[in-house]
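Undergrad: First the structure, which I've put down as structure tokens, then a few questions once you've had a look.
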Amino acid sequence: MIHSLLQIFIYVIIADVVLSYLPDLKSQQWAQTLHKIAQAPQRPIRDLFPADLPLDPAPMIVIIVIQILMHFL
């Protein structure tokens, strides 16, 4: 059950990354809700890195941490 929820959360993060490249969909209510859900664990990680990086490492780091957590559960 926990594995399934964590896997779904990984998909939410991936969907948020994809939606970040589609500006027309960002204004949709469901996309904003998805963004809020995906951003919660990424905010503290983003604060550790400078804002002028060309790529945001936070989604990748969160996904790796979730994968490690799933391995131990």
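Bear in mind these aren't lab numbers, they're just calculated from the coordinates by the rules spelled out. Every value quoted in this text rests on a predicted model; they were computed, and no experiment measured them. Cβ atoms come from the backbone with ideal geometry, glycine included; neighbour counts cover every protein chain shown.
Undergrad: From the convex hull of the Cα coordinates of the range 30-73, what is the mean projected area in square nanometres?
TA: 3.9
Undergrad: Rounding to the nearest 20 debye, state how big the charge dipole of the chain is about its Cα centre with +1 on each Lys and Arg Cβ and -1 on each Asp and Glu Cβ.
TA: Result for the chain is approximately 160 debye, rounded to the nearest 20.
Undergrad: I've got another one for you. What fraction, in whole percent, of alpha-carbon pairs in the range 1-56 exceed 19 Å separation?
TA: Tail fraction, whole percent: 37.
Undergrad: Which loop chymotrypsin sites (Phe, Trp or Tyr not before Pro) in the chain, with loop taken from DSSP, have no more than 11 other Cβ atoms within 10 angstrom of their Cβ?
TA: Qualifying residues, ordered by number: Tyr21.
Undergrad: Now for a different question. Using Cα centres only, tell me the gap between the range 35-68 and the range 1-18 in whole Å.
TA: The range 35-68 and the range 1-18 have Cα centres separated by 14 Å.
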